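Asker: Sharing a structure below in structure tokens format, with a few things to ask.
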Amino acid sequence: MTRFAIFVSAVSLFTMQAAEPRIQGRSLVISKTGIVATEQVLASQAAAQILADGGNAADAAVAANAVMGVVSPGMCGIGGDMFCLVYEAKSQNVYGLSANGWSPEKLDAAFMRAKGFTNMPISGIYSVTIPGTVHGWEQLLKRFGNLKLRAVLKPAIQLAEEGFPVTEWVYDYWTNTNVLAKLRADRNASRTFLHNDNPPQIGEIFRNPDLAWSYRQIAKNGAKAFYDGSITDRMVKHLQSVGAPFNREDFSKFKSLWVDPISTTYRGWRVYEIPPPGQGIAALAMLNIMERFPMNEYRDNSADALHLMIEAKKLAYADMIQHVADPAFAKTPVRAMLDKNYAAKRAELISKEANCSPQSTPKFDGGTDTTYLCVVDKDGNMVSFIQSNFHAFGTGIVPPGCGFALHNRGGLFTLEEGHPNLIAGRKRPLHTIIPALMEKDDVRIAFGIMGGWNQSQAHAQFVSKIVDFNLNIQSAMESPRMTKLTFPGCDVKLESRVAPEVIADLEKRGHKVEILDPYATDVGGGQAVMRDFRTRVNFGSSDPRKDGAAVPEPWK
């Protein structure tokens, strides 16, 4: 059987790869209408209907995210942060939105040390930062949307009130031992997310009327309801009651930020990421290093290709963890880190053997509980959108009557004196979640792959599979991936679909390989949409490592 591999040339979007087996389990979704790709079918379906009802990519992205907060409340929700990249077809420009919250004014390094901490706690009341998502929703719709919040939140409100049947992947996630312990430890969390102290079963209808209430307040009063209104009242009162050093102005003064995306080129493509304090700079740095090697002469998931990706990851992440922080407090040397000459020098450090001791770095705990979604509409506008609780159900702290958990993103600060990511009042921490876009000639691709510190390395792998190995966006999403979630060391995780002889070769080079399931959540789940502006055709892909799907806008 032959397969189609999508890539860009000056002549055509498609090329036939003859005499090779089809390597994807799902077909591309191809449509002249818009496409929504999320990790949950109900979210994709609801957002596709928003497109059909006159919404555009921005409207559909917010609608999809709001539904995800209902159907996958552990992964995401309005208690967390969000980032997005927007491609506006009319101007042909890419815009960035950082809706990542800051720490409370009174929470600084001196406060934490006085409490007896020598390292930032990854959970509990001191890991809570202001959730940025709702302000981000409002800003995205004000600048790029066609519809109002009340319209795009309508499907999510209905699902929260009437309930939805729990899916297989969400059930597995909900029943994790650590997740259950966290929910059972908080009275409001247990009341909201458990039934008689137990999680919902596969196919059981789960309702969240408290979240429906919160969504209604936002639909009626906008972001003010969350940051200086009825929801704020409940959040601040509860946080203060459990000893968290929040005041109302920590919420009311918060704003999300429009930012300039950062980018690099990779063999003729331009790849965009969100700027610091996001980790996307590491994906770009990886690509700059990988570009120094003849990746396209190797096979996808060959020992040579994987070895170079693993080693590039170590070098890029060492720089990222050392320098990235809130730009309002510390200047990240973005230009220097993305300089092609600097990448050439870093590439010289890669040998035939695994490097187990890259540049010494602080230790951070990376959460993996995130949702990524992307949308392309019929006009070619695209939104690459990511949103997260950080860890499962965040802190597990649920404000009474609100229906969502507060995230624990503050756990990514450090207490290391002199480090740019040292915690301070109203400072934004180093962030793991990142959306991405890539473009060449008449083609634009919005993509993202979730999973804590996995994300930058997964982005670089996805780009390489498209550019170096001529895979289409579905094949590139399904193809086996590697991940290395630690910073020093030679450990690496590979899905079992990687050939045994490749694994043996890597082990000879000094890599300590852990074999994962064929489609493992450790390597993250992702989505992608693509637009060919020459033909005005859209393409969508969805990762089989999740419950989701790419769903086209219905024909009228």
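The values are calculated or read from the model by the stated rules, or taken from the named source; none is laboratory data. These numbers come from a predicted model, not from an experiment. Methodologically, a virtual Cβ is constructed for each residue, glycine included, from the backbone with ideal geometry; neighbour enumeration extends over all protein chains shown. What goes into the accessible areas is simple: the full protein's heavy atoms, side chains included, and nothing from ligands, DNA or RNA. Shrake-Rupley method; radii C 1.70, N 1.55, O 1.52, S 1.80 Å.
Asker: Which cross-chain or sequence-distant (5 or more) residues have an amide H under 5 Å from the amide H of residue 516, H modelled 1.01 Å from N in plane?
Answerer: 494, 495, 496
Asker: Net charge near residue 402, counting Lys/Arg +1 and Asp/Glu -1 over other residues with Cβ under 14 Å of its Cβ? Before the final figure, lay out the partial values.
Answerer: Details: positive: 187, 191, 216, 234, 237; negative: 186, 210, 233.
Value of the local net charge: +2.
Asker: State the percentage of accessible surface on region 238-279 attributable to carbon and sulfur atoms; use a 1.4 Å probe and exclude ligands, DNA and RNA. Intermediate results must be reported in sequence, preceding the final value.
Answerer: On the way: 770 of 1590 Å².
Roughly 48 percent of what the probe reaches on region 238-279 is carbon or sulfur.
Asker: Moving to a separate point now. With the full set of protein chains in place, find how many percent of the accessible area of region 456-556 is carbon and sulfur; take the probe as 1.4 Å.
Answerer: The C+S portion of the solvent-accessible surface of region 456-556 is 53 percent.
Asker: Got a number for carbon plus sulfur as a percent of region 82-130's accessible area, 1.4 Å probe?
Answerer: Values: 920 of 1950 Å².
Heavy-atom surface of region 82-130 belonging to carbon and sulfur, 1.4 Å probe: 47 percent.
Asker: Trypsin sites (Lys or Arg not before Pro) within region 301-362: which are DSSP loop residues with at most 12 other Cβ atoms inside 10 Å?
Answerer: Answer in residue order: 331, 352.
Asker: Per residue, how large is the accessible surface of the chain? Use a 1.4 angstrom probe and give square angstrom.
Answerer: Per residue, the chain has an accessible area of 36 Å².
Asker: May I ask you to list the aspartates and glutamates whose Cα is less than 13 Å away from that of residue 142, ignoring any residue fewer than eight positions away on the same chain?
Answerer: Result set, ordered by chain and number: 59.
Asker: Where the centroid of each part is defined by its Cα atoms, how far is region 141-201 from region 468-520 in Å?
Answerer: So the two Cα centres are separated by 32 Å.
Asker: If I take every Cα pair under 8 Å that is 6 or more residues apart in the chain, average their sequence separation and divide by the length, what percent do I get for the relative contact order?
Answerer: Here the relative contact order equals 26 percent.
Asker: Does region 171-255 classify as rounded, prolate or oblate by the C-alpha gyration tensor (a ≥ b ≥ c root eigenvalues; a/c under 1.5 gives rounded; else a/b over b/c gives prolate, otherwise oblate)?
Answerer: Here region 171-255 falls in the oblate category.
Asker: Could you check the simple spin-label distance between residue 267 and residue 352, using points 7 Å along Cα→Cβ, in nm with one decimal?
Answerer: Computed distance between label sites residue 267 and residue 352 equals 2.4 nm.
Asker: Quick one: of 314/465; 313/508; 255/546; 106/224, which pairs are farther than 28 Å apart, Cα to Cα?
Answerer: Values: 314/465 19 Å; 313/508 19 Å; 255/546 32 Å; 106/224 23 Å.
In this structure, 255/546 exceed 28 Å between Cα atoms.
Asker: Along the Cα-to-C-beta direction of residue 91, a point sits 7 Å from the Cα; which residues of region 126-161 have their amide N less than 14 Å from that point?
Answerer: Under 14 Å, as judged by backbone N against the label point of residue 91, lie 140-145 of region 126-161.
Asker: Here's a follow-up. Shape verdict for region 411-511, please, from the Cα gyration tensor: rounded (a/c under 1.5), prolate (a/b greater than b/c) or oblate.
Answerer: Because a/c hits 1.5 or more and a/b fails to exceed b/c, region 411-511 counts as oblate.
Asker: Which of rounded, prolate or oblate describes the chain when judged by the alpha-carbon gyration tensor and an a/c cut-off of 1.5?
Answerer: It is oblate, given that a/c is not under 1.5 and a/b is not larger than b/c.
Asker: Which whole-number percentage describes the relative contact order of region 455-515, with Cα contacts under 8 Å and a sequence gap of 6 or more?
Answerer: 26 percent
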